[in-house]
1. Kindly establish whether residue 93 is modelled with pLDDT under 95, in contact with a strand residue (DSSP E or B) (Cβ under 7 Å, 6 or more places away or on another chain) and within 19 Å of residue 32 (Cβ to Cβ).
2. Select from segment 94-113 the residues that are within 15 Å of ligand 1 (Cβ to nearest atom), under 19 Å from residue 64 (Cα atoms) and part of a loop (DSSP other than H, G, I, E, B) and write down the one among them that is nearest to the chain's Cα centre (by Cα).
3. Can you name the number of the only condition in (1) in contact with a strand residue (DSSP E or B) (Cβ under 7 Å, 6 or more places away or on another chain); (2) at pLDDT 90 or above; (3) within 19 Å of residue 113 (Cα to Cα) that residue 40 fails?
4. Within segment 75-93, can you find the residues that are part of a helix (DSSP H, G or I) and under 8 Å from the mean Cα position of the chain (by Cα)?
Ligand SMILES: [Zn+2]
Ligand SMILES: [Zn+2]
């Protein structure tokens, strides 16, 4: 059931046709939510991701593209560790999460803390 997005006085609300009510849904991450996801580098993240897999780090590292800017992410570039393990440049992801959407752009994983308490 699709919600209709309505913006009133800088506040975004969603009209739910099923219940005929307005809902407020968090659209962006707050700074503290963002900071709860640790900053790392690509090479460190790939090391962790492939720790229990039989993968070749070298080829994995050279083939990771940022879905925002379509540039390759260099092994020394900073990334943010998000639960769904998708990788983006730190700056690209942060501006997306604080200005546009609170979901991972690749898999729509909801990154708000209320849904995903830190482990
Ligand atoms: Zn990028
Ligand atoms: Zn994702």
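1. no
2. The selected residue is 104.
3. Of everything listed in (1) in contact with a strand residue (DSSP E or B) (Cβ under 7 Å, 6 or more places away or on another chain); (2) at pLDDT 90 or above; (3) within 19 Å of residue 113 (Cα to Cα), residue 40 misses just condition (3).
4. 93
The values are calculated or read from the model by the stated rules, or taken from the named source; none is laboratory data. These numbers were taken from a predicted model, which means no experiment stands behind them. Note that each Cβ is placed from the backbone with ideal geometry, even for glycine, and that neighbours are counted across all protein chains shown.
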